[in-house]
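Enquirer: Please find one structure pasted underneath; my questions will follow.
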Ligand SMILES: Cc1cc2nc3c(=O)[nH]c(=O)nc-3n(C[C@H](O)[C@H](O)[C@H](O)COP(=O)(O)O)c2cc1C
């Protein structure tokens, strides 16, 4: 490896709510609305000395064939409200909310985040997302939809304006820019962290540039070693243009994991979990997302549909865009033919395979290898079970990382910026 001192790993806990990775058929699966669930996962993360707890957000219920997607009916409380409640039952854990910059307003959001930062004594973070399609956020809009480039222009000015409000420390702010023309005084003093930590999650060219200019943390999708290294290299090299140093932006891919007493047992469990995650109905829903046509009569245990996908179909609404359907279908057909897979087996094969599988020792070694070889600075762990999905990781993997000297044994700071090794920004 590199001869430099060991990098310290950063860890965050993603609450497993309305994700296609959550297993609801497990007898230990519990509510994703009740406070006890949020509390359990947050307390487990804090027991494990994690950097932060993370909540995703969907602005509009997803739809399949004009009906609300099954998972969304189960529900998802508003993120900042949940985090304010968690602030009262945790002491050190960072609290990160995903909030959309396309459909919210800077003054109002700066105020809510400053409130969370004050109530939690410096533990607030904001995951700035911009939305990927026109369907999302229709319930928020006054007028038309922002196209892709404008969404990031707005997000950049949104973050800049929020920071002006935080810096003003109760003085009036006058901001006049292409996206916002605002005069106002924030009703709170400067937040304890100066600025709540800013996270970015979006993978386009514009998204990466926005992260390099304005974010403290990136929630990325690149969880394999090679893809992680390429992403890490690409984003860190963009920082210099903004006068920033490489360690001022932490890259934390979202990753899944399966533990077992042995590597073989973990592999077996992983296969079981994949089958539970991709039920016959879920397999059909995945195919419909690519094919854009109603496949309710398609046999999940038979071959892939023979029809060609319909591009730009509105059959499935509100899912993150996945790429060119014709290209994906061609790739899936080739894989299914090569490995002799049914439709369901193919979906199990190509979607959301677990990132780290093995005994605690194997998983600890792999996580560490990714960080020491600059494929990541840490991880946002996405368990498959609500709310107990992090218990084994904290009991079994965290002590091994601590033994290796790559993860804290106690919190040394009290704010999220301190956990992440980020300076308090100077006041402008
Ligand atoms: C790992 C990851 C997690 C994301 N989580 C959310 C989320 O919880 N809510 C949301 O509205 N968007 C989420 N997004 C998508 C963002 O909305 C992003 O702004 C969108 O993909 C458009 O940006 P892009 O074109 O740069 O990818 C996520 C994206 C990534 C990569």
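The values are calculated or read from the model by the stated rules, or taken from the named source; none is laboratory data. In this text the structure is predicted, and so the values were computed from the model without any measurement. Counting neighbours? That spans all protein chains shown, and the Cβs are built from the backbone with ideal geometry, glycine included.
Enquirer: Taking into account only those residues within segment 25-41 that are assigned to a loop (DSSP other than H, G, I, E, B) and in contact (Cβ under 8 Å) with a residue 24 or more places away in the chain, which is surrounded by the fewest Cβ atoms within 10 Å (Cβ to Cβ)?
Expert: Selected residue: 25.
Enquirer: Would you mind finding the one in 315, 346, 341, 367 that is away from the ligand (no atom under 16 Å from the Cβ), touching a strand residue (DSSP E or B) at 6+ places or on another chain (Cβ under 9 Å) and farther than 19 Å from residue 257 by Cβ?
Expert: None of the others qualify; the one that does is 315.
Enquirer: Check 168, 87 and return the single one that is buried (at least 18 other Cβ atoms within 10 Å of the Cβ) and closer than 21 Å to residue 54 by Cα.
Expert: 87
Enquirer: So which residues in segment 54-91 are more than 16 Å from the ligand (Cβ to nearest atom) and modelled with pLDDT under 95, if there are any at all?
Expert: 64, 65, 66, 67, 68, 70, 73
Enquirer: Quick one: residue 351 ticks every box in (1) crowded, with 17+ Cβ neighbours inside 10 Å; (2) at pLDDT 95 or above; (3) closer than 30 Å to residue 25 by Cα bar one, so which box is it?
Expert: For residue 351, the failing item is (2).
Enquirer: Can I ask one more? Give segment 372-383 a look and list any residue that's within 16 Å of the ligand (Cβ to nearest atom) and either at pLDDT below 95 or part of a loop (DSSP other than H, G, I, E, B) (or both), or say none.
Expert: 375, 376, 377, 382, 383, listed by residue number.
Enquirer: For the structure I just gave you, tell me whether residue 213 is within 16 Å of the ligand (Cβ to nearest atom) and in contact (Cβ under 8 Å) with a residue 60 or more places away in the chain.
Expert: Against the criterion (within 16 Å of the ligand (Cβ to nearest atom) and in contact (Cβ under 8 Å) with a residue 60 or more places away in the chain), residue 213 does not qualify.
Enquirer: Same structure, new question: Only one of 333, 344 is surrounded by 14 or more Cβ atoms within 10 Å (Cβ to Cβ), in contact (Cβ under 8 Å) with a residue 40 or more places away in the chain and closer than 25 Å to residue 224 by Cα; which?
Expert: 344
Enquirer: Now for a different question. Of all residues in segment 120-140, count the ones that are modelled with pLDDT of 95 or more, more than 9 Å from the ligand (Cβ to nearest atom) and buried (at least 17 other Cβ atoms within 10 Å of the Cβ).
Expert: So the count comes out to 6.
Enquirer: Okay, next question. (1) part of a loop (DSSP other than H, G, I, E, B); (2) away from the ligand (no atom under 16 Å from the Cβ); (3) surrounded by 17 or more Cβ atoms within 10 Å (Cβ to Cβ); (4) at negative phi: which one isn't true of residue 112, the others all being true?
Expert: (1)
Enquirer: Taking interchain pairs and intrachain pairs at least six residues apart, which have beta carbon atoms under 7 angstrom, with the first residue in segment 135-149 and within 14 Å of residue 100 (Cβ to Cβ) and outside any loop (DSSP other than H, G, I, E, B) and the second away from the ligand (no atom under 13 Å from the Cβ) and modelled with pLDDT of 80 or more?
Expert: none
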